[in-house]
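Below is one structure, written out as structure tokens; the observations come after it.
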Amino acid sequence: MAPTTCAVVATLSLFPCLTSAFVPLNPRAGIDVVRRSAVARTRARRADGVSSMIFDYPPQGVRKDYPRPPLEETSQNQRDAASFSQAIADLPRTERPLKVAVIGAGLAGLSCAKYLSDAGHKPIVLEARDVLGGKVSAWQDKDGDWVETGLHIFFGAYPNVNQMFKELDIEDRLQWKSHSMIFAMPGQQTEDGFQRFSRFDFPALLPAPLNGLVAILLNNDMLSFPEKLQFGIGLIPAILFGQRYVEECDELTVTEWMKKQGVPDRVNDEVFIAMAKALNFIDPDNLSMTVVLTALNRFLQETHGSKMAFLDGPPPTRLCQPMADYMLARGGELRMKQRISKILVHDDKTVKGLQMQDGSIVEADAYVSTMPVDPLKLMLPEEWKQLPYFQKLEGLRGVPVINIHMWFDRKLTTVDHLLFSRSPLLSVYADMSLTCKGYRDDDKSMLELVFAPAKEWIGRPDSEIIEATMEELYRLFPNEMNRDGSGARLVKVAVVKTPLSVYEATAGRELYRPVQTSPIPNFFLAGCFTKQKYLASMEGATFSGKLAAKALADAALAETVPLKDGQAAMAA
Ligand SMILES: Cc1cc2nc3c(=O)[nH]c(=O)nc-3n(C[C@H](O)[C@H](O)[C@H](O)COP(=O)(O)OP(=O)(O)OC[C@H]3O[C@@H](n4cnc5c(N)ncnc54)[C@H](O)[C@@H]3O)c2cc1C
């Protein structure tokens, strides 16, 4: 975690009087006042929503989007992402453009192809399926309703993704929501019998990290002040030792770290189970602490880092197609339903070509695999298996997750935002009929829910998964869904299982993540499992593709890529 962020967390936690801008100086009286006023304020806001200079969000059931945050003004990472794009576009041109076979049309593959074309090369994207997007893919059912691989949320702290939207001129497709994190309070109901939510609202006028700290300090539903204090104290080593410490924490699970730092179990139970499930679909007993510290760092260090956005429709048409169109307009190629079955190699271990499932062979000057780590491991040529770079991949494997869509016969009372369910089987959910323009329905709700951890469930029949999900929904919608069938009726369900999704970020995995440049001079790797500082996410995938494109373009200029026709790609 960044020293500045941690320093302020701990300082405010250790010296409550420094929060006197919000509470009276007497610490005891202050705590009571905060507690009472915050609870009262929260109750009032929950019913009515708030629209003021400081807090701004809609009441339950009301749709409201917000303007794109001024990321360029507030985030150095955003400015760096723009400079990196420019540096790629400004690279000197080789004598002839390289023909580059990019395996996979997920975000990593499409990003790599986009930036390769910016650098003057010719990508040929080979995608096994008939739909773009990989883990963000989606398709229409027989009624024309969209079914997605996963409920996807974009963040202000996604500089390369936000830069991509800007470069494609599709920024208006992100629907930014109020700057809040909203957690269901299991078993608690409002006076009207609705599910009670606890909100962390980031005040508009304060910069990071103060906005995050005020959000944390003003929320007393989930953690008491002493618990926040102990968590703040636990973060002190991160303040003192910075990034080195964050990386060292990869050896510990979140739960182990909490114990070691003397943080009360309740902090884990109340906040970090939900956070771990949302970050990597696993429990804090397994998740590496580095993942949590990295996320906290990005969210607390950037003023709009934790601000969330929904794409305004299905990712394949609203995001992936524009990425593909960009490179197609610059001479790239996209070949769908082209599954690679084998990587063919020369005696010197360099890639000779790609054997396709239909028996044809694709040859190129260079190759980028953006396949997920599990199929990649199965496809490694024998000649590469002893190389430490590829051996390390054995330490990575995908984690199972299930995405569920539930269409109801009426409008449910939800919030126009992502909601952390804090329930045993679910991670996050959203009413997409409210949050997303492309799925808008004023009369009926469509809930999209992430079911995690899914290890015990991925092999079970859909009917059992749906039944278990409904049990959770009876708790989340206490006066709108009933076991006796009265209340909202489920009219349609789609269950999408991904047995091996993003790499499982258990403790100790960082060591196994490969960089984008492999020891094979004409073979590069991208994909969210490859090394980059944005975890296994859409940002990680997009950034990895960009890093691979830059590494390949640099190698071409340095003439280290052995070209298909035996010539070097001389700088023009
Ligand atoms: C349920 C769920 C929810 C998620 N929620 C979020 C979220 O809210 N925010 C976020 O940032 N991230 C989220 N993610 C993670 C995010 O989707 C991934 O990190 C990202 O999309 C991975 O992109 P990628 O390009 O690295 O891999 P992939 O998307 O897996 O792309 C790999 C591509 O390679 C293709 N391929 C594989 N084998 C072959 C072959 N032999 N020949 C040719 N092509 C092949 C595949 O078909 C695929 O298109 C979520 C993921 C899931 C599953």
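Laboratory data are not the source of any read-out in this text; all were calculated from the coordinates shown. These figures come from a predicted structure and were not determined experimentally. Glycine gets a Cβ as well: all are built from the backbone with ideal geometry, and neighbour counts include every protein chain shown.
How long are the three semi-axes of the equivalent ellipsoid of the range 372-419, in whole Å, if each is the root of 5 times an eigenvalue of the C-alpha gyration tensor, listed from largest down?
44, 12, 7
Taking the Cα centre of the chain as origin, sum charge times position over the Cβ atoms of Lys and Arg (+1) and Asp and Glu (-1), and report the length of that vector in debye to the nearest 20.
Its charge dipole is roughly 420 debye.
Consider just the alpha-carbon atoms of the range 179-277 and return their Rg together with their Dmax, both in angstrom.
Just the Cα atoms of the range 179-277 yield Rg and Dmax of 15.2, 50 Å.
Using DSSP, restrict attention to beta bridges with both residues in the chain and report what percent are antiparallel, rounded to the nearest 5. Provide the component values of the computation, followed by the final result.
Details: 50 of 68 bridges.
Bridges in the chain that DSSP calls antiparallel: roughly 75 percent.
Please work out, to two decimal places, the log10 of the ratio I(q)/I(0) at q = 0.24 Å⁻¹ from a Debye calculation in which every Cα of the range 400-455 carries one identical scatterer.
Cα-only, vacuum Debye calculation for the range 400-455: -0.91.
Can you tell me the 0 to 90 degree angle between the C-alpha axis of helix 27-48 and the longest principal axis of the chain, rounded to 10?
For 27-48 against the chain, the angle is about 70 degrees.
HN-Hα J couplings of the range 419-432 from phi, Karplus 6.51/-1.76/1.60, θ = phi - 60°, integer Hz, Gly and Pro as x?
Each residue's phi maps through the Karplus curve to give 10, 7, 6, 6, 10, x, 9, 9, 9, 10, 8, 8, 8, 5 Hz.
Mind pulling the per residue volume of the convex hull built on the Cα atoms of the range 310-431? Å³ is fine.
189
Give me the base-10 log of I(q)/I(0) for the range 499-572 at each q in 0.11, 0.17, 0.26 Å⁻¹, Debye formula, one uniform scatterer per Cα, rounded to two decimals.
Ignoring solvent entirely, the Cα scatterers give -0.34, -0.68, -1.13.
For the range 164-180, in order, what is each residue's ³J(HN,Hα) by Karplus, 6.51 cos²θ - 1.76 cosθ + 1.60 with θ = phi - 60°, in whole Hz (x at glycine and Pro)?
4, 4, 5, 5, 8, 6, 10, 4, 5, 7, 8, 9, 6, 10, 4, 7, 8
How are the Cα pair distances of the range 117-209 distributed, in percent, across 10 Å bins from 0?
10, 24, 32, 22, 9, 2, 0
Any aspartates and glutamates with Cα under 15 Å of the LYS342 Cα? List them, leaving off those in the same chain fewer than 8 positions away.
GLU127, ASP358, GLU363, ASP374, GLU382, GLU383
Show the residues, 5+ positions off or on another chain, whose built amide H is closer than 5 Å to the amide H of LYS342.
Close amide H contacts, sequence-distant or interchain: GLN355.
Near LYS228, which aspartates and glutamates are there with a Cα under 14 Å away, not counting those fewer than 8 places off in the same chain?
Answer for LYS228, where 14 Å is the Cα cut-off: ASP265, ASP269, GLU270, listed by chain and number.
Hey, what do the phi angles of the range 378-395 turn into as Karplus ³J(HN,Hα) couplings, whole Hz, using 6.51/-1.76/1.60 and θ = phi - 60°, x for Gly and Pro?
Rounded to whole hertz, the list is 5, 9, 5, x, 3, 4, 9, 5, 8, 6, x, 4, 7, 4, 4, 4, 4, x.
Would you please give the residues with an amide H less than 5 Å from that of GLY527, counting only those at least 5 places away or on a separate chain, with H modeled from the backbone geometry?
Here SER544, GLY545 satisfy the definition.
I need the peptides 536-549, 279-292, 490-503, 181-194 ranked by packing, meaning the mean over residues of other C-beta atoms within 10 angstrom, with the highest value on top.
536-549, 279-292, 490-503, 181-194
Tell me which lysines have Cα within less than 22 Å of LYS492's Cα, excluding those fewer than 8 residues away on the same chain?
By straight Cα distance, LYS492 reaches LYS142, LYS411, LYS437, LYS444.
Going by alpha carbons, how many degrees (0 to 90, nearest 10) lie between the helix axis of 76-89 and the longest principal axis of the chain?
Once rounded, one gets 20 degrees.
Over the alpha carbons of the range 226-276, what is the largest minus smallest coordinate on each principal axis, giving the biggest first in Å?
Principal axes ranked by extent give 28, 21, 16 Å for the Cα atoms.
Report Rg/Rh for the range 205-326, rounded to two decimals, where Rg is the Cα radius of gyration and Rh the Kirkwood radius.
Looking at the range 205-326, the ratio lands at 1.05.
Defining a contact as two alpha carbons under 8 Å apart and six or more residues distant in sequence, what relative contact order in percent does the range 158-239 show?
Result for the range 158-239 is 17 percent.
Going by average Cβ density within 10 Å per residue, which order do the peptides 466-475, 253-262 take, highest to lowest?
253-262, 466-475
Tally Lys/Arg at +1 and Asp/Glu at -1 over every other residue whose Cβ is under 12 Å from the Cβ of ALA548; what's the total?
For residues surrounding ALA548, the net value is +3.
Compare the Cα positions of TYR326, TYR389, LEU376 along the charge dipole of the range 282-418 (+1 at Cβ of Lys, Arg; -1 at Cβ of Asp, Glu; about the Cα centre) and return the one farthest towards the positive end.
TYR326
Stokes-Einstein at 25 °C, 0.890 mPa s, Kirkwood radius from Cα pairs: D for the chain in µm² s⁻¹?
Values: Rh = 24.8 Å.
The estimated diffusion coefficient comes to 99 µm²/s.
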